1. Which order, highest average first, do 92-99, 73-80 follow once you tally other Cβ atoms within 10 Å for each residue and take the mean per peptide?
2. So between SER43 and TYR22, what do we pick up on full extension, going 0.36 nm a residue minus the alpha carbon distance?
3. Specify which labelled value, from (1) 1.07; (2) 0.95; (3) 1.30, agrees with Rg/Rh (Cα atoms, Kirkwood Rh) derived from the coordinates of the model shown.
4. Packing-wise, with mean Cβ within 10 Å as the measure, how do 135-145, 16-26 rank, highest first?
5. In square angstrom, what is the accessible area per residue of the chain with a 1.4 angstrom probe?
6. Going by average Cβ density within 10 Å per residue, which order do the peptides 83-89, 104-110 take, highest to lowest?
7. Report the Cα centroid-to-centroid distance between the stretch 27-52 and the stretch 69-89 in angstrom, as an integer.
Amino acid sequence: GSPGVDPDYDGPALVQKLARSYGGSYSIFPSPLIVDNENTRDSLMKDRRIRAVLLNAEDMDIALLGIGAINSNNSRLIQSCYITPEELQDLEKAGAVGHICASFFDMAGNLIDHSVSRRSVGVSAETIREAPIRLGIAAGQQKILSTVGALQGGFVNILITDDVIAREVIKHCQSIPA
């Protein structure tokens, strides 16, 4: 789990609980999500334990994904000391509205090439998109844009959300020409 996070709402703890409840398997990623520089990232990506988890991820049937918002008022990435407020503002300026596993994307679901992305250690956007079931979870007004972007980009094909986001996603879908 994540330090200082309620285990009832902690992503890794929830995945572990679900896997055990339904007879599935899971992997814990033995690394921070984002590191200080690209050299550290490159070294970590060569680690045999990390390579094993990434190889295992290529065969995943279900990806359980939190949809992160690019929101300077309440950023988990800043709270967890992964990025600075300045980096978050820079991501916003580059058009990022959300992220999944530190893959940042815009409203249309296009990936944003940014130094923060190049310092992320984890499952790639491509690997996530190849999972047959990509279950995204998001709630709250602050995650509307990131949820639309995640759906548009194919990061998510099943959505668990609240009525606030559901209404806005429906409005967005109705505004797209057929």
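The values are calculated or read from the model by the stated rules, or taken from the named source; none is laboratory data. Keep in mind it's a predicted model, so treat the numbers as computed, not measured. Ideal geometry is used to build each Cβ from the backbone, glycine not excepted, and the neighbour counts take in all protein chains shown. Quick note on the areas: whole protein, heavy atoms, side chains included, nothing else; ligands and nucleic acids left out. Shrake-Rupley method; radii C 1.70, N 1.55, O 1.52, S 1.80 Å.
1. Details: 92-99: 20.1, 73-80: 14.4.
Per-residue mean Cβ counts within 10 Å order the peptides as 92-99, 73-80.
2. Values: separation 21, 0.36 × 21 = 7.56 nm, distance 3.49 nm.
This chain segment gains 4.1 nm when fully extended.
3. Read-out from the structure maps to (2).
4. Numbers: 135-145: 18.4, 16-26: 11.5.
By packing density, highest mean first, the sequence is 135-145, 16-26.
5. On the way: 10450 Å² over 178 residues.
Each residue of the chain exposes 59 Å² on average to a 1.4 Å probe.
6. Details: 83-89: 14.3, 104-110: 18.1.
Most protected by this proxy first, the peptides run 104-110, 83-89.
7. What the calculation gives is 21 Å, centre to centre.
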